[in-house]
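What follows draws every value from the coordinates through simple rules; no lab data is involved. These numbers were taken from a predicted model, which means no experiment stands behind them. Neighbour counts are summed over all protein chains in view; Cβ atoms, including those assigned to glycine, are modelled from backbone coordinates with ideal geometry.
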Amino acid sequence: MSLAKPAMRGLLAKRLRFHLPIAFALSLVAAAAFKYGVTEPRKQAYADFYKQYDAMKEFNAMKEAGVFQSVRPSGE
Amino acid sequence: MICPNISCLRHSRSVTHFLYPSLSERRTDGGARMLATRALRLVGKRALSTSICLRGGHGVAKVEDYTLPAYFDRRESPLPDIKFVQQLSPEQKSLKEKEKGSWAVLSKEEKIALYRISFKESFAEMEKGTGEWKSVVAGIFFFIGFTGLVVLWQRKYVYGDVPHTFDPEHKQKELQRMLDMRINPVEGFSAKWDYENNAWKK
């Protein structure tokens, strides 16, 4: 009934050697996923919106709808 | 029970030191030590923590249970101060005698019996969970449910009407105004409205 002597030293080092590479890899994956899943599509959406954006047309449409206080619709 | 004339271990140092500071350092010091060593030889090891005053005709101080070493089943202190079984039955006494010999001749049951004399629970028994968490979770769910009933009753009997701004016609006018103002036209609200056909985008 003689058990092997358990590891007495280097326990933290052993744990870090195992877990740190995994932690770094997962962090990088999370950052990459957010960049290519959220920020790039958002930048593309804004680029597409402003490519065909006519500011005066939108302004006139809003003016006719009556949302401004400084300019009233052409009818009034 | 202040009796400065007693020179036993318990009283000399504490009381005479307090009442007659000049005397205690020199005169009673040697006398107390001599009496204490004599008293220690008379009294057994177990009663060491309860110094008993026999002189002066004041009787024996009662030994309180909490002053004696106690038995604890704890992971942090695996070897308690005292054995679990203090009063051995005749079989246990004979087993203890047998323990003084070679341990190889002890049977398995005898070894377990010796263990149970010294300890109340094995490590496995003392570490085992109680299952109390089930009662706790059940209580949590029950009280959350009860709170739900209270909230329903409040909605019916305590709260008044919502403001007129929640009427469907008013909400419609609100939504139309949001579309007119082009709220979130890139990715959000107005982006989903088709202004040409005056309908939501398919």
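Couplings 3J(HN,Hα) for the range B:195-202, derived from phi with the Karplus relation 6.51 cos²θ - 1.76 cosθ + 1.60 (θ = phi - 60°), are 6, 5, 9, 6, 8, 5, 5, 6 Hz, where x marks Gly and Pro. Peptide B:168-180 has a mean of 1 when you count, residue by residue, the C-beta atoms of other protein chains within 10 Å of its C-beta. Stretching the chain fully between A:Glu76 and A:Met8 yields a gain of 15.7 nm (0.36 nm per residue, less the alpha carbon separation).
Within 10 Å of the Cβ of each residue in A:60-68, the mean number of Cβ atoms contributed by other protein chains is 3.
Computed 3J(HN,Hα) for the range B:127-144, one whole-Hz value per residue from the Karplus formula 6.51 cos²θ - 1.76 cosθ + 1.60 where θ = phi - 60°, is 7, 5, x, 9, x, 5, 4, 5, 5, 5, 5, 4, x, 4, 4, 4, 6, 5, glycine and proline marked x. For B:Tyr195 and B:Ala70, the difference between the fully extended length at 0.36 nm per residue and the C-alpha to C-alpha distance is 36.6 nm.
Here the Karplus relation 6.51 cos²θ - 1.76 cosθ + 1.60, evaluated at θ = phi - 60°, turns the backbone of the range A:31-46 into coupling constants of 5, 5, 4, 5, 4, 8, x, 10, 6, 5, x, 5, 4, 5, 4, 5 Hz, with x for every Gly and Pro. Computed from label points 7 Å out along Cα-Cβ, the spacing between B:Tyr115 and B:Glu174 is 7.1 nm. If a spin label sat at a point 7 angstrom from the Cα of A:Phe68 along the line to its beta carbon, the backbone N atoms of the range A:33-60 nearer than 15 Å would be those of A:55-60.
Annotation: amide H-H contacts under 5 Å for B:Trp193 (H modelled 1.01 Å from N, sequence separation of 5 or more, or interchain): B:Lys201.
Does the range B:112-191 come out rounded, prolate or oblate, given a ≥ b ≥ c as the square roots of the eigenvalues of its C-alpha gyration tensor, rounded meaning a/c under 1.5 and, failing that, prolate meaning a/b above b/c? Note, shape of the range B:112-191 comes out oblate.
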